[in-house]
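For reference, the structure discussed in these notes is given below.
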Amino acid sequence: MSGKQQILRSEVILEKYAKSLAGKTILITGISNDSIAGELAVQLATANPKLLILSARAESKVTGVTEKIKSINPNVATRYLNMDLSDLAAVRRAVDDIADVPTIDHLVCVAGVMTPPYGKTKDGIEQQLAVNYLANFLLIKLLLPKVQAAGPSSSVVVMASSAVRVGKMNFDDYNFSDGATYDPMAAYGQSNAARVMFIKKLGEKLKAQQIRAFSVDPGAVMTGLQRYCPPEFEQQVAEWKKAGPMVDMDGNSFEIPPWTTTSEGAATVITGMIDPTIAGYSGSFLNQNAVADNELHSHITDEGNWKQLWDLSEKLTQEKFTL
Ligand SMILES: NC(=O)c1ccc[n+]([C@@H]2O[C@H](COP(=O)([O-])OP(=O)(O)OC[C@H]3O[C@@H](n4cnc5c(N)ncnc54)[C@H](OP(=O)(O)O)[C@@H]3O)[C@@H](O)[C@H]2O)c1
């Protein structure tokens with residue numbers, strides 16, 4: 001295993017492992033011009049996949065990325081998939097829209113939102129938990145047969161965040177008392193805790209099938225994600241860094257990641273998809289292109305919590321996810 005954490009550009013990972021992407025079908029959520037997913041799609045296009053299914057909630061978000069892909073590698077087919085992750089019915093419709101696609105080699109769930117004002121989705125779920133996590137649970141449940149049909153070494157990769165270090169699932173009140181106790185960062189942390197715990201359980205269940213499942217901390221990248229942050233956010237982060245390490249929920253210290261480029265942000269996702277040296281670590285949390293389960297606090301590594309989350313997610317999506 002490449003155990004050493006390193007911030008690397010996507011190009012470096014692709015130089016080593018791109019061959020395995022040739023002819024593959026890849027679905028990516030969260031596409032826009034300046035997003036990590038947009039960069040990921042452009043990077044992957046250099047590796048000659050057969051089809052890139054580019055998902056966003058408006059086609060205008062995808063056009064610039066499609067144009068870049070065409071200019072880099074006109075042989076790669078692209079297809080827009082409309083999907084609003086804040087609506088479970090829309091996730092189901094999107095799955096129906098790609099019924100004609102027989103196999104998905106890599107299902108990459110990157111879309112997300114950070115610290116918006118309080119809101120609940122149509123389905124009655126706090127929106128960060130709904131968009132960042134619950135929609136992925138449903139999407140992956142519904143598309144897994146296509147990933148399984150692609151065979152061993154196919155992957156499910158879900159974006160997470162260093163916010164998992166300070167995040168936990170509040171099973172008794174995941175909706176923050178309908179907003180009365182809403183803390184935007186605690187909710188972002190909760191949604192990332194859910195992402196990582198779900199992948200832990202999924203990875204365990206998929207191990208025998210040799211399907212890869214990883215959650216990923218992409219580091220820190222200036223993108224559309226900071227749209228709800230105050231103007232002084234960058235300054236605030238610089239001050240937190242100056243004050244020294246932060247502490248996670250077990251009291252262990254950790255550093256706030258340095259700002260990097262979108263190529264560096266997308267690199268660990270590509271590591272999750274194809275780095276053969278981590279194939280045996282399915283279910284793991286990745287940071288800086290390496291397995292980083294040692295960074296997870298005890299709420300996240302508690303298998304009882306994985307099961308409780310799985311059961312809750314089945315209830316909220318009204319979808320039994322048996323494997
Ligand atoms: N950037 C960072 O420093 C950082 C650090 C840690 C983790 N992450 C994670 O990385 C992921 C990608 O973030 P990013 O930095 O690339 O941010 P971004 O530029 O804001 O991209 C996020 C994408 O998700 C889409 N999205 C948001 N809500 C959606 C919904 N309801 N339905 C469908 N799509 C939706 C956004 O589309 P719209 O424009 O339509 O909203 C956007 O294209 C997120 O999951 C985030 O949690 C990022």
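The values are calculated or read from the model by the stated rules, or taken from the named source; none is laboratory data. Keep in mind it's a predicted model, so treat the numbers as computed, not measured. Because the Cβ atoms are built from the backbone with ideal geometry, glycine has one as well, and the counts that use them run over all protein chains shown. The accessibility values were calculated without ligands, DNA or RNA, using every heavy atom of the protein model including side chains. Shrake-Rupley method; radii C 1.70, N 1.55, O 1.52, S 1.80 Å.
Using heavy atoms of the protein chains and a probe of 1.4 Å, the accessible area assigned to MET114 is about 20 Å². Comparing ASN252, ASN289, ASN33 in a Gaussian network model of the chain, where Cα atoms under 10 Å apart are tied by springs, the biggest mean-square fluctuation is seen for ASN252. Candidates PHE171, THR121, GLY283 compared by Cα position along the dipole of the chain: farthest toward the positive end lies GLY283, with charges placed on Cβ.
Only Cα pairs within less than 10 Å get springs; with that Gaussian network setup on the chain, which residue of GLY283, GLY244, GLY189 has the largest fluctuation? Evaluated over the chain, the most mobile residue of the options is GLY244. When the alpha carbon coordinates of the range 77-156 are projected onto the principal axes, the ranges are 40, 23, 22 Å, largest first. Converting phi to 3J(HN,Hα) with the Karplus coefficients 6.51, -1.76 and 1.60 and the offset θ = phi - 60°, the range 131-140 yields 6, 6, 10, 4, 4, 5, 4, 5, 4, 5 Hz in sequence order, with x at every glycine or proline. Highest GNM mean-square fluctuation among GLY251, GLY203, GLY224, for the chain modelled with Cα contacts below 10 Å: GLY251. Ranked from largest to smallest solvent-accessible area, with a 1.4 Å probe on the protein heavy atoms, ARG165, ARG195 come out as ARG165, ARG195. Please label the shape of the range 212-323 as rounded, prolate or oblate, based on the square roots a ≥ b ≥ c of the eigenvalues of the alpha-carbon gyration tensor (a/c under 1.5 means rounded; beyond that, a/b larger than b/c means prolate, else oblate). Note, shape of the range 212-323 comes out prolate.
When DSSP beta bridges are limited to those with both residues in the range 155-277, what percentage is antiparallel, rounded to the nearest 5? For the range 155-277, the DSSP antiparallel bridge percentage is about 20.
In the range 10-314, the portion of solvent-accessible area held by carbon and sulfur atoms comes to 50 percent [1.4 Å probe, whole percent, DNA, RNA and ligands not counted]. Applying the criteria of a DSSP loop state and at most 14 other Cβ atoms within 10 Å to the trypsin sites (Lys or Arg not before Pro) of the range 1-47 yields LYS4.
Our Cα-only numbers for the chain put the radius of gyration and Dmax at 18.2, 53 Å. For the chain, give me the percentage of DSSP beta bridges that are antiparallel, rounded to the nearest 5 percent. So the antiparallel bridges in the chain amount to around 15 percent.
Taking all protein chains together and rolling a 1.4 Å probe, ILE125 ends up with roughly 10 Å² accessible. Ordering GLY23, THR271, THR63 by Cα displacement along the dipole of the chain toward the positive end leaves GLY23 in first place; charges were set at the Cβ atoms of Lys, Arg (+1) and Asp, Glu (-1).
A simple charge model with +1 on the Cβ of Lys and Arg, -1 on the Cβ of Asp and Glu and nothing else charged puts the dipole of the chain at about 960 debye relative to its Cα centre.
Short-range pairs are left out: with C-alpha atoms under 8 Å and at least six residues apart, the relative contact order of the range 246-320 is 22 percent.
Largest accessible area first, the listed residues PHE198, PHE233 line up as PHE233, PHE198 when surface is computed with a 1.4 Å probe on the assembled protein chains.
Here SER177 sits with roughly 60 square angstrom of accessible surface, probe radius 1.4 Å.
For the range 255-323, trypsin sites (Lys or Arg not before Pro) meeting the loop criterion (DSSP other than H, G, I, E, B) and having at most 14 other Cβ atoms within 10 Å: LYS320. Taking each residue as 0.36 nm, the span from LYS19 to THR301 lengthens on full extension beyond its C-alpha to C-alpha distance by 98.1 nm. Across TRP310, TRP240, the residue with the most accessible area heads the list, and the full order at a 1.4 Å probe is TRP240, TRP310.
Across the range 10-314, the mean sequence separation of Cα contacts (distance under 8 Å, 6 or more residues apart), normalised by length, yields a relative contact order of 19 percent.
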